[in-house]
1. Report, to the nearest 10°, how far helix 319-328 tilts away from the longest principal axis of the Cα atoms in the chain, using its own Cα long axis and a range of 0 to 90°.
2. Using the heavy atoms of the protein chains and a 1.4 angstrom probe, tell me the accessible area per residue for the chain in square angstrom.
3. Probe radius 1.4 Å, ligands and nucleic acids ignored: give me the carbon and sulfur share of the accessible area of segment 23-332 as a rounded percent.
4. Could you please put 93, 325, 292 in sequence from largest to smallest accessible area, using a 1.4 Å probe?
5. If you put +1 on each Lys and Arg Cβ and -1 on each Asp and Glu Cβ, how big is the dipole of the chain around its Cα centre, in Debye rounded to 20?
6. Taking the 0 to 90 degree range and rounding to the nearest ten, how far is the long axis of helix 175-185 tilted relative to the main principal axis of the chain, both from C-alpha atoms?
7. Within 13 Å, Cβ to Cβ, of residue 213, how many net charges do the neighbouring residues add up to if Lys/Arg are +1 and Asp/Glu are -1?
8. So how tilted is helix 278-290 from the main axis of the chain? Cα-based, degrees 0 to 90, rounded to 10.
Amino acid sequence: MAFPTHRLRRLRRTEKVRAMVRQAHLELNDLVMPLIVRPGQRVSRPIVSMPGQAQMSVDFAVEECLELESLGIPAILLFGIPEYKDERGSSAWSEDDVIPTAIRAIRQKCPDLIIMTDVCLCEYTSHGHCGLLREVNGEMVVDNDSTLECLSKIAVVHAQAGADVIAPSDMMDGRIGAIRKALDASGFAQVILLSYAAKYASSFYGPFRQAAESAPKFGDRRTYQMDYHNSDEAIREIRLDLEEGADMVMVKPALAYLDVIQRVKQTFPVPLACYSVSGEYSMLKAAAQQGWLDERTCVVEALTGMKRAGADIIITYFAKDVAEWVRQIPSLCPRE
Ligand code: PBG
(Lines give C-alpha, C1' and ligand atoms only; values in the text may rest on other atoms or scores of the structure.)
Protein backbone atom coordinates (compact mmCIF):
# COMPACT_ATOMS: atom_id res chain seq x y z
CA MET A 1 0.00 0.00 0.00
CA ALA A 2 1.37 3.44 -1.01
CA PHE A 3 1.63 6.12 1.65
CA PRO A 4 0.60 9.67 0.71
CA THR A 5 3.49 11.80 -0.55
CA HIS A 6 1.77 15.10 0.20
CA ARG A 7 1.06 15.67 3.85
CA LEU A 8 -1.17 18.68 4.41
CA ARG A 9 -1.44 17.82 8.07
CA ARG A 10 2.19 19.01 8.65
CA LEU A 11 1.01 22.61 8.52
CA ARG A 12 -1.79 21.94 10.98
CA ARG A 13 0.29 20.30 13.70
CA THR A 14 0.65 23.14 16.23
CA GLU A 15 -1.16 26.38 16.88
CA LYS A 16 1.98 28.39 16.09
CA VAL A 17 2.35 26.76 12.68
CA ARG A 18 -1.36 27.15 11.96
CA ALA A 19 -1.17 30.83 12.91
CA MET A 20 1.85 31.35 10.64
CA VAL A 21 0.12 30.02 7.53
CA ARG A 22 -3.28 31.54 8.26
CA GLN A 23 -4.74 33.62 5.40
CA ALA A 24 -7.91 35.48 6.42
CA HIS A 25 -7.97 37.43 9.65
CA LEU A 26 -10.86 38.98 11.48
CA GLU A 27 -9.86 42.29 13.04
CA LEU A 28 -11.82 44.72 15.17
CA ASN A 29 -10.59 47.44 12.79
CA ASP A 30 -12.88 46.02 10.10
CA LEU A 31 -16.09 45.95 12.12
CA VAL A 32 -19.00 48.39 11.98
CA MET A 33 -21.74 48.37 14.64
CA PRO A 34 -25.27 49.32 13.50
CA LEU A 35 -27.29 51.41 15.98
CA ILE A 36 -31.00 52.22 15.83
CA VAL A 37 -31.78 55.60 17.34
CA ARG A 38 -35.22 56.83 18.40
CA PRO A 39 -36.64 60.02 19.93
CA GLY A 40 -36.85 60.56 23.69
CA GLN A 41 -34.51 60.49 26.64
CA ARG A 42 -33.19 57.58 28.66
CA VAL A 43 -35.09 55.22 26.36
CA SER A 44 -33.77 51.78 25.56
CA ARG A 45 -36.35 49.50 23.98
CA PRO A 46 -35.21 45.93 23.53
CA ILE A 47 -35.79 44.49 20.06
CA VAL A 48 -37.57 41.20 20.67
CA SER A 49 -36.51 39.58 17.39
CA MET A 50 -32.86 40.57 17.95
CA PRO A 51 -31.94 39.56 21.51
CA GLY A 52 -29.25 41.86 22.90
CA GLN A 53 -30.15 44.76 20.56
CA ALA A 54 -32.26 47.79 21.44
CA GLN A 55 -33.64 50.97 19.94
CA MET A 56 -32.11 53.78 21.96
CA SER A 57 -32.53 57.49 22.46
CA VAL A 58 -29.68 59.83 21.50
CA ASP A 59 -28.27 60.08 25.06
CA PHE A 60 -27.98 56.29 25.31
CA ALA A 61 -26.54 56.09 21.79
CA VAL A 62 -23.76 58.48 22.87
CA GLU A 63 -22.97 56.26 25.86
CA GLU A 64 -22.96 53.22 23.61
CA CYS A 65 -20.54 54.92 21.22
CA LEU A 66 -18.14 55.77 24.04
CA GLU A 67 -18.18 52.14 25.06
CA LEU A 68 -17.71 50.89 21.49
CA GLU A 69 -14.78 53.24 21.02
CA SER A 70 -13.11 52.06 24.21
CA LEU A 71 -13.57 48.47 23.05
CA GLY A 72 -11.77 49.23 19.78
CA ILE A 73 -14.70 49.35 17.35
CA PRO A 74 -13.85 52.04 14.78
CA ALA A 75 -17.25 52.74 13.23
CA ILE A 76 -21.01 52.84 13.71
CA LEU A 77 -23.86 52.83 11.18
CA LEU A 78 -26.87 54.89 12.27
CA PHE A 79 -30.53 54.15 11.56
CA GLY A 80 -33.30 56.42 12.77
CA ILE A 81 -36.88 56.10 13.89
CA PRO A 82 -38.48 59.51 13.35
CA GLU A 83 -41.03 61.46 15.41
CA TYR A 84 -43.51 61.27 12.55
CA LYS A 85 -43.93 59.60 9.19
CA ASP A 86 -45.62 60.97 6.08
CA GLU A 87 -46.09 60.05 2.41
CA ARG A 88 -42.81 61.70 1.41
CA GLY A 89 -40.72 60.83 4.44
CA SER A 90 -40.05 64.52 4.97
CA SER A 91 -38.80 64.21 8.55
CA ALA A 92 -35.72 62.50 7.09
CA TRP A 93 -34.28 65.76 5.77
CA SER A 94 -35.08 67.90 8.78
CA GLU A 95 -32.06 69.12 10.72
CA ASP A 96 -33.94 68.25 13.90
CA ASP A 97 -34.51 64.65 12.87
CA VAL A 98 -33.18 62.04 15.25
CA ILE A 99 -30.21 61.17 13.00
CA PRO A 100 -28.66 64.65 12.56
CA THR A 101 -29.27 65.17 16.28
CA ALA A 102 -27.51 61.90 17.09
CA ILE A 103 -24.61 62.68 14.76
CA ARG A 104 -23.97 66.04 16.46
CA ALA A 105 -24.17 64.54 19.95
CA ILE A 106 -21.93 61.58 19.14
CA ARG A 107 -19.41 63.74 17.29
CA GLN A 108 -19.03 65.92 20.36
CA LYS A 109 -18.13 63.01 22.64
CA CYS A 110 -16.36 60.76 20.11
CA PRO A 111 -14.42 62.99 17.72
CA ASP A 112 -12.57 60.08 16.11
CA LEU A 113 -15.35 57.53 15.73
CA ILE A 114 -16.29 56.92 12.09
CA ILE A 115 -19.96 57.88 11.83
CA MET A 116 -21.78 56.22 8.95
CA THR A 117 -25.43 56.90 8.23
CA ASP A 118 -27.95 54.79 6.36
CA VAL A 119 -29.72 56.99 3.82
CA CYS A 120 -33.16 55.70 2.87
CA LEU A 121 -36.81 56.67 3.09
CA CYS A 122 -38.42 53.49 4.40
CA GLU A 123 -38.19 54.36 8.10
CA TYR A 124 -39.68 57.79 7.35
CA THR A 125 -42.52 57.10 4.90
CA SER A 126 -46.01 56.21 6.09
CA HIS A 127 -46.16 53.45 3.42
CA GLY A 128 -42.76 51.99 4.36
CA HIS A 129 -41.28 51.98 0.85
CA CYS A 130 -37.75 53.20 0.18
CA GLY A 131 -38.87 55.87 -2.30
CA LEU A 132 -41.74 58.18 -3.27
CA LEU A 133 -44.91 56.63 -4.64
CA ARG A 134 -46.53 57.53 -7.93
CA GLU A 135 -49.64 56.15 -9.55
CA VAL A 136 -49.12 54.68 -13.01
CA ASN A 137 -52.19 53.21 -14.74
CA GLY A 138 -53.95 52.73 -11.42
CA GLU A 139 -50.98 51.04 -9.81
CA MET A 140 -48.75 52.54 -7.12
CA VAL A 141 -45.09 52.35 -8.08
CA VAL A 142 -41.95 53.54 -6.34
CA ASP A 143 -40.81 56.44 -8.52
CA ASN A 144 -37.10 56.47 -9.20
CA ASP A 145 -36.18 59.97 -10.26
CA SER A 146 -38.24 62.04 -7.82
CA THR A 147 -36.80 59.92 -4.99
CA LEU A 148 -33.24 60.96 -5.91
CA GLU A 149 -33.92 64.52 -4.82
CA CYS A 150 -35.10 63.42 -1.36
CA LEU A 151 -32.12 61.13 -0.89
CA SER A 152 -29.76 63.96 -1.85
CA LYS A 153 -31.37 66.25 0.71
CA ILE A 154 -31.02 63.63 3.44
CA ALA A 155 -27.35 63.05 2.56
CA VAL A 156 -26.56 66.76 2.75
CA VAL A 157 -28.30 67.10 6.13
CA HIS A 158 -26.31 64.15 7.49
CA ALA A 159 -23.07 65.61 6.12
CA GLN A 160 -23.86 69.00 7.63
CA ALA A 161 -24.37 67.35 11.02
CA GLY A 162 -20.92 65.74 10.73
CA ALA A 163 -21.31 62.27 9.19
CA ASP A 164 -18.08 60.79 7.79
CA VAL A 165 -19.71 58.20 5.53
CA ILE A 166 -23.05 58.33 3.74
CA ALA A 167 -24.48 54.91 2.93
CA PRO A 168 -27.54 54.95 0.64
CA SER A 169 -29.57 51.74 0.94
CA ASP A 170 -32.65 52.55 -1.15
CA MET A 171 -31.55 50.88 -4.45
CA MET A 172 -32.89 53.58 -6.79
CA ASP A 173 -30.98 53.86 -10.07
CA GLY A 174 -28.60 56.79 -10.25
CA ARG A 175 -28.67 57.71 -6.56
CA ILE A 176 -24.91 57.59 -6.12
CA GLY A 177 -24.33 60.13 -8.88
CA ALA A 178 -27.13 62.38 -7.61
CA ILE A 179 -25.93 62.26 -3.99
CA ARG A 180 -22.27 62.81 -4.93
CA LYS A 181 -23.26 65.87 -6.93
CA ALA A 182 -25.37 67.27 -4.09
CA LEU A 183 -22.63 66.69 -1.51
CA ASP A 184 -19.97 68.30 -3.69
CA ALA A 185 -22.18 71.28 -4.46
CA SER A 186 -22.78 71.81 -0.73
CA GLY A 187 -19.08 71.77 0.14
CA PHE A 188 -18.87 68.16 1.33
CA ALA A 189 -16.42 66.74 -1.19
CA GLN A 190 -14.58 64.99 1.66
CA VAL A 191 -17.58 62.91 2.73
CA ILE A 192 -17.21 59.24 1.80
CA LEU A 193 -19.92 57.39 -0.14
CA LEU A 194 -20.46 53.74 0.74
CA SER A 195 -23.00 52.34 -1.67
CA TYR A 196 -25.30 49.48 -0.71
CA ALA A 197 -24.60 48.55 -4.33
CA ALA A 198 -25.59 44.88 -4.42
CA LYS A 199 -28.50 44.80 -2.04
CA TYR A 200 -30.77 41.83 -2.51
CA ALA A 201 -34.50 41.59 -1.78
CA SER A 202 -34.01 39.29 1.20
CA SER A 203 -36.23 37.73 3.83
CA PHE A 204 -33.26 37.94 6.18
CA TYR A 205 -34.17 41.62 6.77
CA GLY A 206 -37.28 40.51 8.66
CA PRO A 207 -36.09 41.20 12.23
CA PHE A 208 -34.69 44.60 11.22
CA ARG A 209 -38.00 45.77 9.79
CA GLN A 210 -39.57 45.03 13.12
CA ALA A 211 -36.67 46.80 14.85
CA ALA A 212 -36.78 49.88 12.62
CA GLU A 213 -40.56 49.86 12.14
CA SER A 214 -39.96 50.05 8.40
CA ALA A 215 -41.84 47.15 6.77
CA PRO A 216 -43.68 48.11 3.55
CA LYS A 217 -47.43 48.49 4.14
CA PHE A 218 -48.24 46.91 0.76
CA GLY A 219 -46.29 44.88 -1.77
CA ASP A 220 -42.60 44.21 -1.30
CA ARG A 221 -39.23 45.63 -2.34
CA ARG A 222 -38.59 43.42 -5.35
CA THR A 223 -39.03 46.22 -7.90
CA TYR A 224 -35.94 47.96 -6.53
CA GLN A 225 -33.84 45.49 -4.52
CA MET A 226 -32.04 42.73 -6.43
CA ASP A 227 -33.33 39.27 -7.27
CA TYR A 228 -31.32 36.75 -5.27
CA HIS A 229 -31.01 34.36 -8.19
CA ASN A 230 -28.55 36.73 -9.90
CA SER A 231 -24.91 37.60 -9.55
CA ASP A 232 -24.08 39.19 -12.96
CA GLU A 233 -26.44 41.96 -11.92
CA ALA A 234 -24.33 42.63 -8.83
CA ILE A 235 -21.35 43.30 -11.10
CA ARG A 236 -23.42 45.74 -13.18
CA GLU A 237 -24.74 47.54 -10.08
CA ILE A 238 -21.27 47.91 -8.64
CA ARG A 239 -19.67 49.03 -11.90
CA LEU A 240 -22.29 51.78 -12.27
CA ASP A 241 -22.01 52.91 -8.65
CA LEU A 242 -18.23 53.19 -8.97
CA GLU A 243 -18.63 55.19 -12.17
CA GLU A 244 -21.07 57.47 -10.37
CA GLY A 245 -18.58 58.12 -7.58
CA ALA A 246 -18.94 55.46 -4.85
CA ASP A 247 -15.77 55.23 -2.72
CA MET A 248 -16.67 51.87 -1.22
CA VAL A 249 -19.32 49.30 -2.15
CA MET A 250 -21.33 46.74 -0.24
CA VAL A 251 -22.86 43.32 -0.71
CA LYS A 252 -25.88 42.61 1.47
CA PRO A 253 -26.82 40.20 3.07
CA ALA A 254 -23.55 38.33 3.68
CA LEU A 255 -23.89 34.69 4.73
CA ALA A 256 -26.05 33.50 1.84
CA TYR A 257 -24.08 35.68 -0.61
CA LEU A 258 -20.44 34.75 -0.04
CA ASP A 259 -20.06 33.91 -3.73
CA VAL A 260 -21.14 37.44 -4.63
CA ILE A 261 -18.65 38.90 -2.15
CA GLN A 262 -15.87 36.83 -3.68
CA ARG A 263 -16.81 37.68 -7.25
CA VAL A 264 -17.06 41.41 -6.56
CA LYS A 265 -13.71 41.44 -4.78
CA GLN A 266 -12.05 39.64 -7.68
CA THR A 267 -13.60 42.01 -10.22
CA PHE A 268 -13.15 45.42 -8.58
CA PRO A 269 -10.07 46.51 -6.60
CA VAL A 270 -12.02 48.78 -4.25
CA PRO A 271 -12.84 48.57 -0.54
CA LEU A 272 -15.67 46.08 -0.14
CA ALA A 273 -18.08 45.94 2.77
CA CYS A 274 -20.59 43.23 3.51
CA TYR A 275 -23.61 43.56 5.76
CA SER A 276 -24.33 40.59 7.95
CA VAL A 277 -27.99 41.45 8.39
CA SER A 278 -30.53 41.15 11.17
CA GLY A 279 -31.72 37.65 10.21
CA GLU A 280 -28.16 36.34 10.30
CA TYR A 281 -27.77 37.79 13.78
CA SER A 282 -31.09 36.45 15.00
CA MET A 283 -30.59 32.90 13.80
CA LEU A 284 -27.16 32.59 15.44
CA LYS A 285 -28.46 34.20 18.64
CA ALA A 286 -31.50 31.96 18.78
CA ALA A 287 -29.50 28.77 18.31
CA ALA A 288 -27.00 29.95 20.92
CA GLN A 289 -29.78 30.74 23.39
CA GLN A 290 -31.14 27.24 22.93
CA GLY A 291 -27.71 25.82 23.67
CA TRP A 292 -27.54 24.31 20.17
CA LEU A 293 -24.53 26.30 18.95
CA ASP A 294 -21.55 27.79 20.73
CA GLU A 295 -22.12 31.49 20.13
CA ARG A 296 -18.58 32.86 20.26
CA THR A 297 -16.86 30.34 18.04
CA CYS A 298 -19.72 30.17 15.52
CA VAL A 299 -19.93 33.95 15.19
CA VAL A 300 -16.18 34.35 14.76
CA GLU A 301 -16.18 31.50 12.22
CA ALA A 302 -19.01 33.07 10.20
CA LEU A 303 -17.43 36.53 10.22
CA THR A 304 -14.01 35.13 9.30
CA GLY A 305 -15.69 33.38 6.36
CA MET A 306 -16.83 36.80 5.12
CA LYS A 307 -13.23 38.05 5.30
CA ARG A 308 -12.00 34.94 3.48
CA ALA A 309 -14.58 35.53 0.74
CA GLY A 310 -13.09 38.99 0.22
CA ALA A 311 -14.88 41.50 2.45
CA ASP A 312 -12.66 44.25 3.84
CA ILE A 313 -15.33 45.66 6.15
CA ILE A 314 -18.09 43.79 8.00
CA ILE A 315 -21.20 45.48 9.29
CA THR A 316 -22.52 43.26 12.06
CA TYR A 317 -24.74 43.47 15.14
CA PHE A 318 -22.13 41.21 16.77
CA ALA A 319 -19.41 43.89 16.54
CA LYS A 320 -19.64 44.84 20.19
CA ASP A 321 -19.91 41.22 21.36
CA VAL A 322 -16.82 40.26 19.36
CA ALA A 323 -14.85 43.16 20.86
CA GLU A 324 -15.88 42.04 24.36
CA TRP A 325 -15.06 38.38 23.68
CA VAL A 326 -11.62 39.31 22.35
CA ARG A 327 -10.87 41.03 25.66
CA GLN A 328 -11.66 37.80 27.50
CA ILE A 329 -10.18 35.33 24.99
CA PRO A 330 -7.51 37.01 22.84
CA SER A 331 -7.01 33.82 20.81
CA LEU A 332 -10.50 34.20 19.29
CA CYS A 333 -9.19 36.98 17.10
CA PRO A 334 -5.45 36.38 17.53
CA ARG A 335 -4.12 39.44 15.74
CA GLU A 336 -5.74 41.90 18.09
C1 PBG B 1 -33.33 50.25 4.68
C2 PBG B 1 -32.51 49.15 5.22
C3 PBG B 1 -32.88 47.82 5.52
C4 PBG B 1 -31.75 47.23 6.08
C5 PBG B 1 -30.74 48.17 6.06
N6 PBG B 1 -31.23 49.34 5.51
C7 PBG B 1 -34.17 47.13 5.43
C8 PBG B 1 -34.78 46.85 4.12
O9 PBG B 1 -34.21 47.08 3.05
O10 PBG B 1 -35.92 46.40 4.18
C11 PBG B 1 -31.66 45.82 6.60
C12 PBG B 1 -30.72 45.64 7.74
C13 PBG B 1 -30.82 44.34 8.42
O14 PBG B 1 -31.66 43.47 8.13
O15 PBG B 1 -30.00 44.15 9.34
N16 PBG B 1 -33.65 50.19 3.36
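1. Tilt of helix 319-328: around 30 degrees.
2. For the chain, the per-residue accessible area is 47 Å².
3. Here it works out to 49 percent.
4. Descending order: 292, 93, 325.
5. Values: 38 positive and 45 negative charges, 348 e Å.
Roughly 1680 debye for the chain.
6. Relative to the chain, helix 175-185 is tipped by roughly 70 degrees.
7. So the environment of residue 213 carries a net charge of +3.
8. Between the helix axis and the principal axis of the chain, the angle is about 50 degrees.
The values are calculated or read from the model by the stated rules, or taken from the named source; none is laboratory data. Quick caveat, the model's predicted, so the values are computed rather than measured. Glycine also receives a Cβ, built like all others from the backbone with ideal geometry; neighbour counts cover every protein chain displayed. Remember, those area values only see protein heavy atoms, side chains included, never the ligands or the DNA or RNA. Shrake-Rupley method; radii C 1.70, N 1.55, O 1.52, S 1.80 Å.
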